[in-house]
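Peer 1: Below you'll find the structure I mean.
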Amino acid sequence: MNDADTPRGGAPDAPGGGDAAGDKDWYLPEDSRRHLRELFAGMRDEVVLEAYTRAGENDPYNEAMTLFLHDLRRLGDRIVVRLHDVDSEEAARRGVTRSPTLLVAPERYAIRYTGAPLGEEARVLVETVMLASAGRSGLSDMSRRVLADLAEPREVRVFISPTCPYCPGQVTNAFRAALECPGLVRAECVETGENQDLAERYQATALPLTVVNETFRQKGLMPEERFAIELVELHTVEELFARMDAEGPQSVGGAAGELLRQARDGENAPGAAGAPEAEEFDVIVAGAGPAGLTAAIYTERSGLKTLVLEKGAVGGQVLLTPEVENYPGFKRVGGIQLMEMIAAQAREYCTVREGEPAQEIKIGRAVEVFTPRGRYRAKALVLATGSSAKRLGVPGETQFFGKGVSVCASCDGWAYKGREVVMIGGGNTALTEALHLKNMGVGVTVVHRRDAFRAERHLQKGVEQAGIPVLWNTEVEEFVGGEGGLSAVRLRNVADGTTSELAVHGAFLAIGWNPNTELARQIGVRLDAYGCIEVDRGMRTNIPRVYACGDVIGGVQQIATAVGEGSTAALAVFEDIANPYWLRPEDG
């Protein structure tokens, strides 16, 4: 490919036109084009996107990226796209050696995609373009204060896969840090499927994986403020707290130390001096899975100003489901796709704040919720905090977690293409993910401690038809491996007591879920014998003005039931705010 700017202006390629020739001339679908036209109309400054490709290296991704960028250029007259060859002088000047590579506003910032920005990463690219055009980072004031203390360069690499629901959030953290600190922070998103040698070199088998200055490693999606602290200090928050305990509270300096001391000492706790000014809402929803988002849609439609707080990625556990086949209206739909549609609808009505966990709750004349970024007051609280994957608790599980042991086939399955893994469990999740791995070219064996599956019949038939081996009446006793990661699982047959060892490269756990009830316990919400929140038919807890819905209350734990519980909780909130049951005189 020759070095060149793509042509600009002129019909039919001019922004606002070009659709007359039909969708065949576009890479993006019409609804996406319409949204992007409106978005790009608000761009302030020009943003240059430099794309580098080499024929014969990742050709399908080269083509997809080029078509995508061509559409962006036609949709925004302040977007400039420049195409270069990886073997060009310009590539050498930029330090580009891989195809495809994309640089964002390279004269101003050090932001790079190594691999095509497809899937959710395309959304991150669009957000980054808009921020670069406005000359803003989009970070919270607290994160900006922390990064203001950064005095030495940081090179951040975030390893991702297009199917990982948590990866875009971590890429956003890195790119925003680069926007905030040009000249100090270099941020790179590495798509592992297109750069498998890099993934193997960095042992990027649990995603997202963040590597800073080649020395500091962190797995998973981090809240923005935590990311900023660890970027500056090159130590985990847990290590910094340990230092403060051993050497004194002032051993961590700057804004990072101040923020950690506030978290440790409760300087922003309810009633403390200097606590942030409360932002007022009618309803606060903790959790942005299908239950929480549905509750928010219904409360807003009832005229109640609603805030949704989500500690991780919007979508909850559904994001980890490769395909949903039992949600009404869809014969088959990807979990991420389904939650994107629900989240988009919710955002049209209410405020959704991703990566902002509710940390503390105070119940008084109002319900007050404290997060790392602020303080919020409302008339009612809906707990839709979901659940977390159970662990086996056997030797080697913690040691090899992220080094072969995983709970997310959607996130990490790509790393095992052509390799052997075990899927541990016998329910819907286990069989769905086993089929997903098989379709990806992974050799998968199901390990189940019983002699029959609990999963739906069509999933059982799918596993049978796919020829996936099943080890019945078998449980894992130990995960075995070395510095290179997991190498085998030690198994025991529960029927006859015999033991064996199976050589594998990976193991995926799908053995059930634990309800996330930390916030509920904090304020005295009653739990049942299974550790789930107890609710009545209106999703009311034992504490007035506090409601719960979704997986955190147990029960059937399906997407359809979560949506129903969310709407029920919202209607109860509306009814109770209008006519508080706790203030009514008792009957009789």
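Peer 1: Inside region 375-407, can you point out the residues that are at positive phi and surrounded by fewer than 24 Cβ atoms within 10 Å (Cβ to Cβ)? Break it down into steps so the answer makes sense when it comes.
Peer 2: So in region 375-407, the residues at positive phi come out as 386, 393, 396, 402, 404.
Across region 375-407, the qualifying residues are Gly393, Gly396, Gly402.
Peer 1: What do you reckon, is Val285 among the hydrophobic types (A, V, I, L, M, F, W, C), crowded, with 17+ Cβ neighbours inside 10 Å and modelled with pLDDT under 95? Outline the logic, then answer.
Peer 2: Working: among the hydrophobic types (A, V, I, L, M, F, W, C): yes; crowded, with 17+ Cβ neighbours inside 10 Å: yes; modelled with pLDDT under 95: no.
Criteria not met by Val285.
Peer 1: Which strands (runs of 3 or more DSSP E) sit wholly inside region 445-524 and have at least 1 residues that are modelled with pLDDT under 95 and closer than 27 Å to Val556 by Cβ? Please lay out each step first, then the result.
Peer 2: Working: elements: 474-482, 485-493, 499-503, 506-509, 513-515.
Result: 513-515.
Peer 1: While we're on this one: Identify, please: which residue in region 54-86 is within 31 Å of the chain's Cα centre (by Cα) and among the β-branched types (Val, Ile, Thr) and is, among those, farthest from Ala132 (Cα to Cα)?
Peer 2: Here the answer is Thr66.
Peer 1: Select, from Ala358, Ala343, the only residue that is in a loop (DSSP other than H, G, I, E, B) and touching a residue at least 24 places away in the same chain (Cβ under 8 Å).
Peer 2: Details: Ala343 fails: in a loop (DSSP other than H, G, I, E, B).
So the residue among Ala358, Ala343 that is in a loop (DSSP other than H, G, I, E, B) and touching a residue at least 24 places away in the same chain (Cβ under 8 Å) is Ala358.
Peer 1: Let me ask you something else. How many residues are of a type in the set (Lys, Arg) and either assigned by TED's automatic domain parsing to the domain that holds Val421 or at pLDDT 95 or above (or both) when one looks only at region 374-389? Break it down into steps so the answer makes sense when it comes.
Peer 2: Here is the first cut: in region 374-389, the ones of a type in the set (Lys, Arg) are 375, 377, 379.
Of the ones still in play, those that are also either assigned by TED's automatic domain parsing to the domain that holds Val421 or at pLDDT 95 or above (or both) are 377, 379.
Number satisfying all stated conditions: 2.
Peer 1: Next question, about the same structure. Within the set of pairs 6 or more residues apart or between chains, which connect a residue that is at pLDDT below 95 inside region 562-588 to a residue that is in a helix (DSSP H, G or I) with Cβ atoms less than 9 Å apart?
Peer 2: Tyr581/Glu575; Trp582/Asp576
Yes/no matrix, rows are residues, columns are (1) surrounded by 14 or more Cβ atoms within 10 Å (Cβ to Cβ); (2) of a type in the set (D, E, K, R):
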| position | (1), (2) |
| --- | --- |
| Glu477 | yes, yes |
| Gly485 | yes, no |
| Asp496 | no, yes |
| Asp551 | yes, yes |
| Ala569 | yes, no |
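Peer 1: Given the options Ala177, Ala204, name the one that is surrounded by 23 or more Cβ atoms within 10 Å (Cβ to Cβ), touching a Leu at 6+ places or on another chain (Cβ under 7 Å) and hydrophobic (A, V, I, L, M, F, W, C). Step through it out loud before you land on a result.
Peer 2: Working: Ala204 fails: touching a Leu at 6+ places or on another chain (Cβ under 7 Å).
The conditions single out Ala177.
Peer 1: For Ala415, which of the numbered conditions (1) assigned to a loop (DSSP other than H, G, I, E, B); (2) more than 30 Å from Val573 (Cα to Cα) fails to hold?
Peer 2: (1)
Peer 1: Return the pair list, or none, for Cβ contacts closer than 6 Å from residues in region 301-328 that are under 19 Å from Trp513 (Cβ atoms) to residues that are polar (S, T, N, Q), at least 6 apart or on different chains.
Peer 2: Hits for this filter: Leu320/Ser410; Pro322/Ser410.
Peer 1: Return yes or no: is Leu338 assigned by TED's automatic domain parsing to the domain that holds Gln557, closer than 18 Å to Gly566 by Cβ and assigned to a strand (DSSP E or B)? Let's see the steps before the verdict.
Peer 2: Working: assigned by TED's automatic domain parsing to the domain that holds Gln557: yes; closer than 18 Å to Gly566 by Cβ: yes; assigned to a strand (DSSP E or B): no.
No.
Peer 1: Tell me which residues, restricted to region 227-243, are of a type outside the set (A, V, I, L, M) and surrounded by 20 or more Cβ atoms within 10 Å (Cβ to Cβ).
Peer 2: Quick first cut of region 227-243, residues of a type outside the set (A, V, I, L, M) only: 227, 230, 233, 235-236, 238-239, 241, 243.
Within region 227-243, Phe227, Glu230, Glu233 meet the criteria.
Peer 1: In the set Tyr113, Tyr166, which member is surrounded by 21 or more Cβ atoms within 10 Å (Cβ to Cβ), out of contact with any Lys or Arg (no Cβ under 9 Å at 6 or more places or on another chain) and within 20 Å of Arg54 (Cβ to Cβ)?
Peer 2: Numbers: Tyr166 fails: within 20 Å of Arg54 (Cβ to Cβ).
Of the residues listed, the single one that is surrounded by 21 or more Cβ atoms within 10 Å (Cβ to Cβ), out of contact with any Lys or Arg (no Cβ under 9 Å at 6 or more places or on another chain) and within 20 Å of Arg54 (Cβ to Cβ) is Tyr113.
Peer 1: Give me the residue from region 540-549 that is free of Cβ contacts under 8 Å to residues at least 60 places away in the same chain and assigned to a loop (DSSP other than H, G, I, E, B) and, out of that set, surrounded by the fewest Cβ atoms within 10 Å (Cβ to Cβ). Lay out the reasoning, then the answer.
Peer 2: Within region 540-549, the first condition is being free of Cβ contacts under 8 Å to residues at least 60 places away in the same chain, and the residues that meet it are 540, 542, 544.
Adding the requirement that they be assigned to a loop (DSSP other than H, G, I, E, B) leaves 542, 544.
Details: Asn542: 13, Pro544: 15.
Here the answer is Asn542.
Peer 1: Would you mind stating whether Arg419 is surrounded by fewer than 19 Cβ atoms within 10 Å (Cβ to Cβ) and at negative phi? Spell out the reasoning first.
Peer 2: Details: surrounded by fewer than 19 Cβ atoms within 10 Å (Cβ to Cβ): yes; at negative phi: yes.
Taking the combined requirement at face value, the residue satisfies it.
The values are calculated or read from the model by the stated rules, or taken from the named source; none is laboratory data. These numbers were taken from a predicted model, which means no experiment stands behind them. Virtual Cβ from ideal backbone geometry, glycine too; neighbours counted across all protein chains shown.
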